Amino acid sequence: MRPIVVGTRKSQLAVTQTDWVIKQLKKVDPTLEVSKEKIVTKGDQILHVTLSKVGGKGLFVKEIEQALLDKRIDLAIHSMKDMPAELPEGLIIGAIPVREDPQDCLISREGLTLEELPEGAVVGTSSLRRQSQILAARPDLVVKPIRGNLNTRLKKLEDGDFAAIILAAAGLKRLGWSQKVTEVLPMTTMLPAVGQGALAVQCRADDKEIRQLLSQINDEATAKTVHAERAFLHSFQGGCHMPLAAYAKWEGGQIQLSGLVADPNGSQVIQATLTGTDPWELGANLAARLIEQGADQLLARIKKELVV
């Protein structure tokens, strides 16, 4: 096998995730020579506005994908939830390894749960998906945007800018920071982002050697469930930063997929759950079910409001 170059974002979490994938690849081929190229993305540079206001699509992946297309790197590791529904021509997801915890969690300064936070408490998140579900559960709370890597967000919480912040459990677990979590939010309160907790290992479609290597770290059950979630996202032509959530689980040879679209102010939540065996068909069917309930009109209105 030739020496390979792996592309990653520069953050501590991105590098930790990349090192984990490299470890899995070295279990397949212990002689593998691997080097890393750390790449700064647009999403890493724009920290003063919420992601939904700067377009959302591909903000954390575009520059890394370009490095792949330019053959500067051989494969790239992304958080699946950062991946737009459409991939650039010539690139594929070569592997989806086994998924980490898909749930969201709350970290509060005083150790209070979402239910225990006082009226008017300020919760930090830049995700419209999280904002809509927090406000649906607790309309009396105030949600304010928070950007930056995990260290930056935790520092803002400690400094008293927020009573609590919402983060993905997977990132905290991968960094060994689970002890910081006040409460893991149940799926009934907070349905996760499409692909949350999963990693996407991306490569060039015509690179047979790398594709063969990556196929050996692909987890079939994770791949099927994530494909169902992504098919749901694709049906809405969705950027990853719209108030849209989905989670699929693999049970007894079937995929159970739950999805929702919500108003960012929490006043309207449209959701449903379907079961099936074909991930792409299931994702499209669930989206159609939500569209029947008015999800497309709701998203169209939200997009218009974000542009204004």
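The values are calculated or read from the model by the stated rules, or taken from the named source; none is laboratory data. Treat the numbers as computed from the prediction; the structure is a model and nothing was measured. Because the Cβ atoms are built from the backbone with ideal geometry, glycine has one as well, and the counts that use them run over all protein chains shown.
Mind checking which pairs have a first residue in segment 1-28 that is farther than 17 Å from residue 200 by Cβ and of a type in the set (A, V, I, L, M, F, W, C) and a second that is modelled with pLDDT under 95 and part of a helix (DSSP H, G or I), Cβ under 6 Å, 6 or more apart or different chains? Once the first residue is farther than 17 Å from residue 200 by Cβ and of a type in the set (A, V, I, L, M, F, W, C) and sits in segment 1-28, no partner that is modelled with pLDDT under 95 and part of a helix (DSSP H, G or I) comes close enough.
Confirm whether residue 120 is in contact with a strand residue (DSSP E or B) (Cβ under 9 Å, 6 or more places away or on another chain), at positive phi and not assigned by TED's automatic domain parsing to the domain that holds residue 229.
Numbers: in contact with a strand residue (DSSP E or B) (Cβ under 9 Å, 6 or more places away or on another chain): yes; at positive phi: yes; not assigned by TED's automatic domain parsing to the domain that holds residue 229: yes.
Spelling it out, residue 120 is indeed in contact with a strand residue (DSSP E or B) (Cβ under 9 Å, 6 or more places away or on another chain), at positive phi and not assigned by TED's automatic domain parsing to the domain that holds residue 229.
Residues being surrounded by 17 or more Cβ atoms within 10 Å (Cβ to Cβ), touching a Phe, Trp or Tyr at 6+ places or on another chain (Cβ under 6 Å) and within 30 Å of residue 5 (Cα to Cα) are entirely absent from segment 89-96.
State whether one or more residues within segment 125-136 are without any contact (Cβ under 8 Å) to a residue 60 or more places away in the chain, in contact with a Phe, Trp or Tyr (Cβ under 7 Å, 6 or more places away or on another chain), in a loop (DSSP other than H, G, I, E, B) and outside the structural domain of residue 60 (by TED's automatic domain parsing). No, that holds for no residue. Taken as a whole, the structure leaves residue 175 outside the set of residues that are over 20 Å from residue 61 (Cα atoms) and at pLDDT 95 or above. Scan 195, 176, 252, 171 and give me the residue that is within 19 Å of residue 134 (Cβ to Cβ) and out of contact with any strand residue (DSSP E or B) (no Cβ under 6 Å at 6 or more places or on another chain). Only one candidate passes the filter, namely 171.
Of the residues that sit in segment 174-219 and are hydroxyl-bearing (Ser, Thr, Tyr) and surrounded by fewer than 16 Cβ atoms within 10 Å (Cβ to Cβ), which one is farthest from residue 271 (Cα to Cα)?
Start the filter on segment 174-219 by keeping residues that are hydroxyl-bearing (Ser, Thr, Tyr), which leaves 178, 182, 188-189, 215.
Then drop every residue that is not surrounded by fewer than 16 Cβ atoms within 10 Å (Cβ to Cβ), which leaves 178, 188, 215.
On the way: 178: 30, 188: 11, 215: 34 Å.
Ranking the candidates gives 215 first.
Taken over segment 222-254, residues that are surrounded by fewer than 17 Cβ atoms within 10 Å (Cβ to Cβ) and modelled with pLDDT of 95 or more amount to 2.
Name the one entry in 160, 148 that is surrounded by fewer than 17 Cβ atoms within 10 Å (Cβ to Cβ), farther than 22 Å from residue 79 by Cβ and in contact (Cβ under 8 Å) with a residue 40 or more places away in the chain.
Details: 148 fails: farther than 22 Å from residue 79 by Cβ.
Matching residue, one of 160, 148: 160.
Does segment 137-150 contain any residue that is farther than 19 Å from residue 229 by Cα and of a type in the set (S, T, N, Q)? The answer is yes, given that some residue of segment 137-150 is farther than 19 Å from residue 229 by Cα and of a type in the set (S, T, N, Q). Restricting segment 17-33 to residues that are β-branched (Val, Ile, Thr) and surrounded by 12 or more Cβ atoms within 10 Å (Cβ to Cβ), which is farthest from residue 197 (Cα to Cα)? Per the stated criteria, the residue is 28.
No other residue among 298, 257, 306 is hydrophobic (A, V, I, L, M, F, W, C), under 25 Å from residue 127 (Cα atoms), touching a helix residue (DSSP H, G or I) at 6+ places or on another chain (Cβ under 7 Å) and at pLDDT below 95 apart from 306.
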